[in-house]
Amino acid sequence: MIDNIENVELQYLTLTDYQELKNTMIEAYSNMPNSYWKESHIKALIDKFPEGQVVIKINNELAGCALSIVVDYDKFDEHHTYKDITGNYTFETHNSEGDVLYGIDVFIKSEYRGLRLGRRLYDYRKELAEKLNLRGIAFGGRIPNYHKFAKELSPKEYIEKVQRKEIYDPVLNFQMSNAFHPSKILKGYLEGDEASNEFAVLLKWDNIYFEKPTKKAHTNKKIIRLGLIQWQMRLYKDLDELMQQAEYFIDSLSAYRSDFALFPEFFNAPLMADNNHLPESEAIRELAKFTPGIVQKFSELAIAYNINVITGSMPEIKNELLYNVGYICKRDGTTERYEKLHVTPDEAKVWGMQGGNELRTYDTDCGKIGVLICYDSEFPELSRLLADEGMDILFVPFLTDTQNGYSRVRHCAQARAIENECYVAIAGSVGNLPKVHNMDIQYAQSMVFTPCDFSFPANGIKAEATTNTEMIVIADVDIDLLRELNKFGSVRNLKDRRTDIFNLTKTNKA
């Protein structure tokens, strides 16, 4: 390693660098005679794709280089050779409309090794792939130590031992440490690479920010603003007065440009006061008669205030059976229905409520979301199935009367955020309803939870309401941070599951 480094600079490669580049390549590939690019090759690369050809200079001396092209990857066989991918070294395979950045070469001058210059070059490639909206990066990686083990190990066995750190391979180890994953073994990849027995490993890096081009007019939001309503239970003279209060909160959240408004479970329970003389099981069925009108009004408000409304939950009668359901009223005018799958012993005993059967994610203009009503959040299998379907945000409307009941929902919801690498928003009601049986008191603290890693709050809490106080909570959540966590997190709960020893599937019950 050289001393007295005054300047390290990443630059685009130019033809004036050629002689220095040639000398560096001859040294880097000393075991492969005549393995340097001619000036005509370098000129072709620079002419076709100048952004893809970069050098690192230390004290104005060339220390390393990375060469690459963009290809339409699906046009190549997965078992391609170096000649195939480069068009017999003409680089006619470069396609500015392609979808994968293909690495042609990376090398570092020996005296500068150990300075992590290779990492800088790979990081540049990753940033370039993101900038150009490419699916990812691919290249054939040499395995220069393989010739020492070729008689006793197949290439597959060799790679597995390198992955398990039982064998050290300077090239492959370095590439895997930079987030490139082995995909295939390429036989006869590079002519004259005797150290690798002409085998190579197809290494790939996936661009988590890639967006498939579309001709449709659309926006792809990455920062989502969540609005939570911590609802005060109070008596209302009729449905219009209750919806007036609901509209007030929607208006407030819309003024802050929120993308979602989340109401609590059974927020409309005050309307049961007029039927408090009836048995609880009859009073709740009377409340269910308001549900169609409430959903219609929420849908109108979602359009008028340009916000997606998650209606918490309400009782609904279907085929004479009583369910606890809610609706996602989207700002484009469409609605989606969700059901509480696990009813509490109290709901079953006092109201005669049934558990629903449908569990799924919902597509919105802010990505895929899931909704689990209160008690459902205490069953980790449900949210894991939704995470497998691509859920980014889980909404949990809840209703709890005591602090210990609230604590169950709160701590389970936070666990769901960590184990499923998603955001979880919970909203509940506060106050009391002395004139409604079985709905006497409420305890709540609405919150937004995140995973616990460096890009998120250390305690996993993005925002929280004041306990037992009517208010709104507004929080921005970044979807890209979830993608980064899934790929590069300190722990990766979704990727590291041992699906070789356990599996989780949904049954089709409807």
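The values are calculated or read from the model by the stated rules, or taken from the named source; none is laboratory data. What you are looking at is a predicted structure, and each value in this text was computed from that prediction instead of being measured. All Cβ positions, even for glycine, are placed from backbone atoms using ideal geometry, and neighbour counts span all protein chains on display.
Things to note:
- Among residues that are assigned by TED's automatic domain parsing to the domain that holds M447 and farther than 23 Å from T507 by Cβ, A261 is included.
- Any chance I69 is under 26 Å from T93 (Cα atoms), part of a helix (DSSP H, G or I) and free of Cβ contacts under 8 Å to residues at least 40 places away in the same chain: no
- Looking across segment 422-435 at every residue that is surrounded by fewer than 22 Cβ atoms within 10 Å (Cβ to Cβ) and not polar (S, T, N, Q), the one that is nearest to K222 (Cα to Cα) is identified as G431.
- Among the residues of segment 242-275, those that are over 28 Å from V477 (Cα atoms), in contact with an Asp or Glu (Cβ under 9 Å, 6 or more places away or on another chain) and either in contact (Cβ under 8 Å) with a residue 24 or more places away in the chain or among the small types (G, A, S) (or both) comprise L271, M272.
- When the strands (runs of 3 or more DSSP E) confined to segment 271-343 are screened for residues that are in the same structural domain as M353 (by TED's automatic domain parsing) and farther than 24 Å from Q230 by Cα, those reaching at least 1 such residues are found at 314-318, 321-329.
- Enumeration of residues in segment 368-380 that are crowded, with 22+ Cβ neighbours inside 10 Å and outside any strand (DSSP E or B): L372, I373, C374, Y375, D376, S377
- Taken as a whole, segment 471-481 holds no residue that is in the same structural domain as G405 (by TED's automatic domain parsing), in a loop (DSSP other than H, G, I, E, B) and surrounded by 20 or more Cβ atoms within 10 Å (Cβ to Cβ).
- Among (1) within 11 Å of A138 (Cβ to Cβ); (2) at pLDDT below 90 - the single one S177 does not satisfy: (1)
- Applying the criterion of being among the β-branched types (V, I, T) and more than 21 Å from P380 (Cα to Cα) to the residues of segment 311-367, the residue that is surrounded by the most Cβ atoms within 10 Å (Cβ to Cβ) is T311.
- Restricting attention to segment 400-435, the residues that are of a type in the set (D, E, K, R), outside any helix (DSSP H, G or I) and within 23 Å of L482 (Cα to Cα) total 1.
- For M439, the conditions (1) within 27 Å of E347 (Cα to Cα); (2) touching a Phe, Trp or Tyr at 6+ places or on another chain (Cβ under 8 Å); (3) crowded, with 20+ Cβ neighbours inside 10 Å; (4) modelled with pLDDT of 95 or more are fulfilled apart from (4).
- Residue tally, condition out of contact with any Gly (no Cβ under 6 Å at 6 or more places or on another chain), buried (at least 24 other Cβ atoms within 10 Å of the Cβ) and either outside any helix (DSSP H, G or I) or outside the structural domain of D476 (by TED's automatic domain parsing) (or both), over segment 381-398: 3
- Selection within segment 222-257 - basic (K, R), modelled with pLDDT under 95 and surrounded by 13 or more Cβ atoms within 10 Å (Cβ to Cβ): K222, R234
- Residue in segment 183-203 that is in a loop (DSSP other than H, G, I, E, B) and within 33 Å of the chain's Cα centre (by Cα) present: no
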